[in-house]
Amino acid sequence: MSKVILITGASTGIGRATAEYLTQAGYRVYGTSRHPFKEIVAFQTLILDVNDEVSVQSAVSQLLQRESRIDILINNAGLGIIGALEEVPEAMIQRVFDTNVWGLLRVCRAVLPAMRHQGEGLIINVGSIAGRMGLPFRGIYSASKAAVEMLTETLNIELKSFGIRACSVLPGDVRTNINETRLVAVNQNGSPYRHSVEDMNTKVNAEVSNAAEPIYIAKAIEKIIMTSSPKTHYVVGPFLQRASLWLKRFLPSRVFEYLLRENYGMK
Ligand SMILES: NC(=O)c1ccc[n+]([C@@H]2O[C@H](COP(=O)([O-])OP(=O)(O)OC[C@H]3O[C@@H](n4cnc5c(N)ncnc54)[C@H](OP(=O)(O)O)[C@@H]3O)[C@@H](O)[C@H]2O)c1
């Protein structure tokens with residue numbers, strides 16, 4: 001029997017590439033979106049909004065009715081945000097945390113009874129290299145992805161005795177739709193941050209547009225699925241972005257922060 005996989009946020013980007021790749025590899029994949037898929041896709045689809053408990057429960061129970069099991073959950077749905085910490089509106093902060101953190105936990109909680117009943121399961125949470133450092137004007141995003149790592153570590157310990165493993169995948173930049181959906185908090189009324197935030201948005205958009213295609217994350221995820229004993233965290237990204245984590249670990253924080261400011265052309 002091929003394994004049954006649920007992937008949130010499979011309409012575009014990393015989720016879509018992973019859903020297609022794993023379907024081709026022979027898995028029974030259910031990919032989700034908040035809206036009906038307009039085009040025909042290779043995998044099974046479900047409507048799921050991670051912000052809505054009823055929607056999450058309904059999608060998971062539809063899947064269980066069809067398959068009677070969920071072997072792997074890939075929590076991929078997520079939202080980017082740019083803005084100065086002093087100015088980002090509370091509603092935007094709540095939306096990002098509700099999607100990237102609480103939404104992820106909501107889906108975990110919906111699938112865990114089935115996984116515990118099966119006595120096995122794997123949860124793969126999509127975090128980000130940005131979750132390992134407080135990036136300028138991306139502090140809310142960094143914090144939400146740092147939370148994903150901590151939740152993953154706790155899940156892994158709490159679930160071990162039920163035969164369930166949790167791990168996180170931390171991509172660097174990937175060319176996806178995230179530039180179009182990212183929330184940008186720019187205060188137009190005499191804000192001291194306005195130009196810096198706009199500059200950062202332009203730089204991040206360019207980094208993402210020039211980044212590698214999401215298939216390389218899909219391939220990394222398949223390798224994790226094939227591993228008999230997965231690690232808790234996998235950093236998957238270009239050399240320089242992976243190297244930045246080593247620099248952060250070994251350099252004094254003042255030096256690392258100086259390098260970040262230089263990298264982003266900040267005074
Ligand atoms: N691209 C990068 O450079 C990068 C780097 C590191 C980490 N990541 C992470 O990778 C994940 C995928 O992002 P992506 O780059 O592939 O972006 P994307 O192309 O914008 O895809 C985001 C996906 O999340 C779904 N989504 C958003 N809000 C949702 C909600 N409330 N409920 C359910 N689904 C929701 C969207 O589906 P619908 O709109 O169809 O519902 C979409 O399929 C995110 O967690 C992101 O933070 C991305």
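The values are calculated or read from the model by the stated rules, or taken from the named source; none is laboratory data. No experiment lies behind these values; they were computed from the predicted model shown. Backbone-built Cβ (ideal geometry, glycine too); neighbour counts: all protein chains shown.
Answer with yes or no whether Val56 is touching a residue at least 40 places away in the same chain (Cβ under 8 Å) and out of contact with any Gly (no Cβ under 9 Å at 6 or more places or on another chain).
Here the answer is no, as Val56 does not meet what is asked.
Of the residues Ile225, Ile217, only one is assigned to a helix (DSSP H, G or I), surrounded by 11 or more Cβ atoms within 10 Å (Cβ to Cβ) and touching a Leu at 6+ places or on another chain (Cβ under 8 Å); which?
Answer to the selection: Ile225.
Identify all residues within region 2-22 that are of a type outside the set (Lys, Arg) and in a helix (DSSP H, G or I); write none if there are none.
Residues satisfying the conditions are Gly13, Ile14, Gly15, Ala17, Thr18, Ala19, Glu20, Tyr21, Leu22.
Kindly indicate the residue of region 37-88 that is in a helix (DSSP H, G or I) and of a type in the set (A, V, I, L, M, F, W, C) and also farthest from the chain's Cα centre (by Cα) among those meeting that condition.
Residues of region 37-88 that are in a helix (DSSP H, G or I), as a first pass: 53-67.
From what is left, the residues that are of a type in the set (A, V, I, L, M, F, W, C) are 54, 56, 59-60, 63-64.
Working: Val54: 21, Val56: 17, Ala59: 19, Val60: 19, Leu63: 22, Leu64: 24 Å.
Of everything passing the filter in region 37-88, Leu64 is farthest from the chain's Cα centre (by Cα).
Can Arg132 be described as within 16 Å of the ligand (Cβ to nearest atom), basic (Lys, Arg), modelled with pLDDT of 95 or more and surrounded by fewer than 22 Cβ atoms within 10 Å (Cβ to Cβ)?
yes
Provide a single number: the residues in region 104-162 that are among the polar types (S, T, N, Q), within 30 Å of Leu85 (Cα to Cα) and in a helix (DSSP H, G or I).
Here is the first cut: in region 104-162, the ones among the polar types (S, T, N, Q) are 118, 125, 128, 142, 144, 152, 154, 156, 161.
Cutting the leftovers down to within 30 Å of Leu85 (Cα to Cα) gives us 125, 128, 142, 144, 152, 154.
Keeping just the survivors that are in a helix (DSSP H, G or I) gives 142, 144, 152, 154.
Count: 4.
Within the group Met92, Met1, which residue is modelled with pLDDT under 95 and not acidic (Asp, Glu)?
Every option except Met1 fails the conditions.
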